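Engineer: The structure follows.
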Amino acid sequence: MPVILWTDAMIFLLLATILAAALWIRKRPHLVLPWHRVAKGSVGMVSLLLLSLFVLVGLLDTMHYRAALPEKSNGQTVYSAEVLSVFDALAKGIKSRSEKTYSAPLAAYLYAKESMETPDGKILRDYPRLRYGGVHLADPQRELLGDVLKRTVIGALEGLIIGVLLIAVSNMLFHFFIKLRTGRLSTVPEISKDNWIFTFTRAMKNRPFRALLITALLIAMLFGMTINLAAVYHVLGTDKVGQDVLYLALKSIRTGLVIGTVTTLVMLPFALLLGIAAGYLRGWVDDVIQYLYTVLSSIPSVLLIAAAVLMMQVYIEMHPEWFETSAARADLRLLFLCLILGVTSWTGLCRLLRGETLKLRELEYIQAAQAFGVSTSRILTRHIVPNVMHIVLIAVVMDFSSLVLAEAVLSYVGVGVDPSTMSFGTLINSARLEMGREPMVWWTLAAAFGFMLVLVLAANLFADAVRDAFDPRLNRTEAVA
C-alpha cells in the first residue's frame, strides 16, 4: 500500500516546481546562457554529478509503502505497521543482516571479547564470529585479507566494465536522438564525422566532459567494490545494536536533503516577498520589515529553534491518536523542524533582496515605467523579480549546505529530528559515547563525517559554479571581451 508522508509530498511538490521552472527557462535564451556557462566548468559538472547521486538515493528513500502481511482479517488484506521505502527494498540485504553488537569495518569477529564455552566445557574469553560478516571464511585470520583484496579488485573491474557499457549506450542513444531531431537519421550506418564514435572522440577533447567521464568511471568502480564487499561483509561496520553503518549512513541522506530543500520552500516566500516589498515600497513598510528581521536576527537561533522544537514535541506527544504509524509521527516532527528552520532563516536573503531592490528601483527603465503609469504589481513581476532571481538562486544553493550542518548540530544537542529518524546528527550523537569506549568505536563518526563532507563539499562547489555563471559582473566582462 503506497504511503505518502508530509515530507514526501513536499519533495514531490519541489520536483514539480523545478521541472516547471526548467521548461520555462528553456524557452528563454537569456536564462539558458548562464546554465551553459555552468556546464563549461569541470568543477561544477563533477559536483553536480555527485549531488545527483545523493538526490537519487534520497528519492528512492522517499517512495514509501506498507507491505501486505500473509494473514488476512475477514478476507481483507492486512498491512504491516512498518513503513518501508524503495531504497529499503533495494538494500534489504544489508538492512536485514544485523549482528549482536559492534563489529569493525570488513571484520569477521565482534569488536569486544565475550565469555564462550568450548566443546570440552571450558570457559574462555575471545572474539566471537559474526553471524553474517565473513561467515563464508573457514579461517578468517588467514583468509580475510586475501578475500577482501580479491573482492575489491573484482568489484572494481565489474563496476568499470558496467560503467563503460552504460556510457557507450547512453552516448549512442544521445547521438541517435540528436540525429532523429535534426532529420539526419539514415538507415545505412556510416563511418563519418556523424558517427557516434567520432562524436565521442571529439567530446573527449572537451575538458568538462573528460572530467565528468573520469568521475563517473571512478564512481562506478567504487559502487562495484562496495556492492561486492557488502554481499558478505559489513563495509562500514555495525553499531551498538548490530545495524549496518553503511545502511544507516545511506538512510541519513534523505533527512539531510529534506532539511535542505523543504526548508528552502518555507524560507523563499518570506524572503522574496518581504525583501522586495521593503526595497521597492520603502517608507513605513521598509521600517516595519527591517524591524522584524532585525529583532529576529538578534535572538540566538539555536535557543529559538530549541524552544520551538520542544513546544512542538510536547504538542505532538499529547495527541498520539493523530498518527497511524511511528513513521508518520517522526515525519511530522521532521516537517515541523523544516518549518521552524525556514521561519527563522529567511532574514539573510531578505536583507540581500532589499538592498538589490533599492538599487534597481533607481535605474532608468524602472523610473520610466513609473512615469508612464505602469502599476506597481506589473513593475515588480516584470522588472524587479527577474533581476533579483540570480541572487535568490545563488543564496538558495549556498544555504543548502548550512542547513544540512544545522540539522546535524540540532540533532546532536537533542532538539533535532526524532530519535527514530536516521540522520547525520543522530549518527554523530550516537558516536559521542562510542568515542569514549576502550577500544574506541570510530567508524560510526567516520561514516557520518565522510558522507556529510562529500554532500556539503559538492553543494558548495556547485554553488560557486552557479555564482560565477550568474554574476552580472562576469557577464559584462565577457561582453567587453
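Engineer: So which residues in the range 1-31 are over 21 Å from the mean Cα position of the chain (by Cα), loosely packed, with under 12 Cβ neighbours inside 10 Å and in a helix (DSSP H, G or I)?
Structural biologist: Hits for the range 1-31 are Leu23, Trp24, Arg26, Pro29, His30.
Engineer: Among Gly242, Gly237, Gly275, Gly256, which is out of contact with any helix residue (DSSP H, G or I) (no Cβ under 9 Å at 6 or more places or on another chain), of a type outside the set (Asp, Glu) and in contact (Cβ under 8 Å) with a residue 40 or more places away in the chain? First the steps, then the outcome.
Structural biologist: Values: Gly237 fails: out of contact with any helix residue (DSSP H, G or I) (no Cβ under 9 Å at 6 or more places or on another chain); Gly275 fails: out of contact with any helix residue (DSSP H, G or I) (no Cβ under 9 Å at 6 or more places or on another chain); Gly256 fails: out of contact with any helix residue (DSSP H, G or I) (no Cβ under 9 Å at 6 or more places or on another chain).
Only one candidate passes the filter, namely Gly242.
Engineer: Further question: Being of a type in the set (Gly, Ala, Ser) and either open to solvent by 50 Å² or more (accessible area, probe 1.4 Å) or closer than 28 Å to Gln313 by Cβ (or both), is that true of even one residue in the range 396-405?
Structural biologist: Initially, the range 396-405 is screened for residues of a type in the set (Gly, Ala, Ser), giving 401-402.
Filter once more, keeping what is either open to solvent by 50 Å² or more (accessible area, probe 1.4 Å) or closer than 28 Å to Gln313 by Cβ (or both): 401-402.
Yes - at least one qualifying residue is present in the range 396-405.
Engineer: Can you list the helices (runs of 4 or more DSSP H) lying wholly within the range 240-318 that have 2 or more residues being among the basic types (Lys, Arg)? Spell out how you get there, then give the answer.
Structural biologist: On the way: elements: 245-281, 283-298, 301-317.
The helices (runs of 4 or more DSSP H) meeting that bar are 245-281.
Engineer: Okay, moving on. So is Leu149 aliphatic (A, V, I, L, M) and modelled with pLDDT of 85 or more or not? Write out each step before concluding.
Structural biologist: Working: aliphatic (A, V, I, L, M): yes; modelled with pLDDT of 85 or more: yes.
So Leu149 fits the description; yes.
Engineer: Just to be sure before I move on: is Glu438 open to solvent by 70 Å² or more (accessible area, probe 1.4 Å), at pLDDT below 85 and of a type in the set (Asp, Glu) in the structure I sent? Write out each step before concluding.
Structural biologist: Details: open to solvent by 70 Å² or more (accessible area, probe 1.4 Å): yes; at pLDDT below 85: yes; of a type in the set (Asp, Glu): yes.
In short, yes.
Engineer: From the set of residues in the range 335-379 that are assigned to a helix (DSSP H, G or I) and of a type in the set (Lys, Arg), which is least open to solvent (accessible area, probe 1.4 Å)?
Structural biologist: Here is the first cut: in the range 335-379, the residues assigned to a helix (DSSP H, G or I) are 335-344, 347-360, 364-371, 376-379.
Narrowing the set further to residues that are of a type in the set (Lys, Arg) leaves 351, 354, 359, 378.
Numbers: Arg351: 112, Arg354: 47, Lys359: 115, Arg378: 127 Å².
If we take residues in the range 335-379 being assigned to a helix (DSSP H, G or I) and of a type in the set (Lys, Arg), then Arg354 is least open to solvent (accessible area, probe 1.4 Å).
Engineer: Among the residues of the range 74-103, write down those that are free of Cβ contacts under 8 Å to residues at least 60 places away in the same chain, open to solvent by 40 Å² or more (accessible area, probe 1.4 Å) and under 28 Å from the mean Cα position of the chain (by Cα).
Structural biologist: Answer for the range 74-103, where residues must be free of Cβ contacts under 8 Å to residues at least 60 places away in the same chain, open to solvent by 40 Å² or more (accessible area, probe 1.4 Å) and under 28 Å from the mean Cα position of the chain (by Cα): Val86, Ala89, Leu90, Lys92, Ser96.
Engineer: Okay, moving on. If I go through the range 203-234 residue by residue, how many of them are out of contact with any helix residue (DSSP H, G or I) (no Cβ under 8 Å at 6 or more places or on another chain) and either closer than 23 Å to Val135 by Cα or in a helix (DSSP H, G or I) (or both)? Before you say what the answer is, go through the steps one by one.
Structural biologist: At the first step, the residues of the range 203-234 found to be out of contact with any helix residue (DSSP H, G or I) (no Cβ under 8 Å at 6 or more places or on another chain) are 205-206, 214, 218.
Retained after the next criterion (residues that are either closer than 23 Å to Val135 by Cα or in a helix (DSSP H, G or I) (or both)): 214, 218.
Total satisfying the criteria: 2.
Engineer: Which count do you get for residues in the range 82-110 that are more than 17 Å from Ala231 (Cβ to Cβ) and assigned to a loop (DSSP other than H, G, I, E, B)? Spell out how you get there, then give the answer.
Structural biologist: Here is the first cut: in the range 82-110, the ones more than 17 Å from Ala231 (Cβ to Cβ) are 82-88, 100-102, 104, 109-110.
Checking which are assigned to a loop (DSSP other than H, G, I, E, B) leaves us with 100-102, 104, 110.
Counting residues in the range 82-110 that are more than 17 Å from Ala231 (Cβ to Cβ) and assigned to a loop (DSSP other than H, G, I, E, B) gives 5.
Engineer: Suppose the filter is assigned to a helix (DSSP H, G or I), under 21 Å from the mean Cα position of the chain (by Cα) and under 18 Å from Gly260 (Cβ atoms); does Val55 pass it? Lay out the reasoning, then the answer.
Structural biologist: Numbers: assigned to a helix (DSSP H, G or I): yes; under 21 Å from the mean Cα position of the chain (by Cα): yes; under 18 Å from Gly260 (Cβ atoms): yes.
Answer is yes for this residue.
Engineer: What number of residues within the range 1-28 are at pLDDT 80 or above and over 30 Å from Gln76 (Cα atoms)?
Structural biologist: So the count comes out to 18.
Engineer: Tell me which residues, restricted to the range 130-146, are in contact (Cβ under 8 Å) with a residue 12 or more places away in the chain and surrounded by 14 or more Cβ atoms within 10 Å (Cβ to Cβ). Break it down into steps so the answer makes sense when it comes.
Structural biologist: Just the residues of the range 130-146 that are in contact (Cβ under 8 Å) with a residue 12 or more places away in the chain, to begin with: 130-137, 140, 144.
Leu130, Tyr132, Gly133, Gly134, Leu137, Pro140, Leu144, listed by residue number.
Engineer: Of all residues in the range 221-249 being open to solvent by 40 Å² or more (accessible area, probe 1.4 Å) and not β-branched (Val, Ile, Thr), which is farthest from Glu99 (Cα to Cα)?
Structural biologist: Here the residue is Met221.
Engineer: So, of the residues in the range 378-420 that are in contact (Cβ under 8 Å) with a residue 60 or more places away in the chain and of a type in the set (Ser, Thr, Tyr), which turns out to be farthest from Lys251 (Cα to Cα)?
Structural biologist: Filtering the range 378-420 for residues that are in contact (Cβ under 8 Å) with a residue 60 or more places away in the chain and of a type in the set (Ser, Thr, Tyr), the one farthest from Lys251 (Cα to Cα) comes out as Ser401.
The values are calculated or read from the model by the stated rules, or taken from the named source; none is laboratory data. As the structure is a prediction and not an experimental result, all values here were calculated from the model. Reconstructed Cβ throughout: ideal geometry from the backbone, glycine too, with neighbour counts over all protein chains shown. For accessibility, only protein heavy atoms count, side chains too; no ligands or nucleic acids. Shrake-Rupley method; radii C 1.70, N 1.55, O 1.52, S 1.80 Å.
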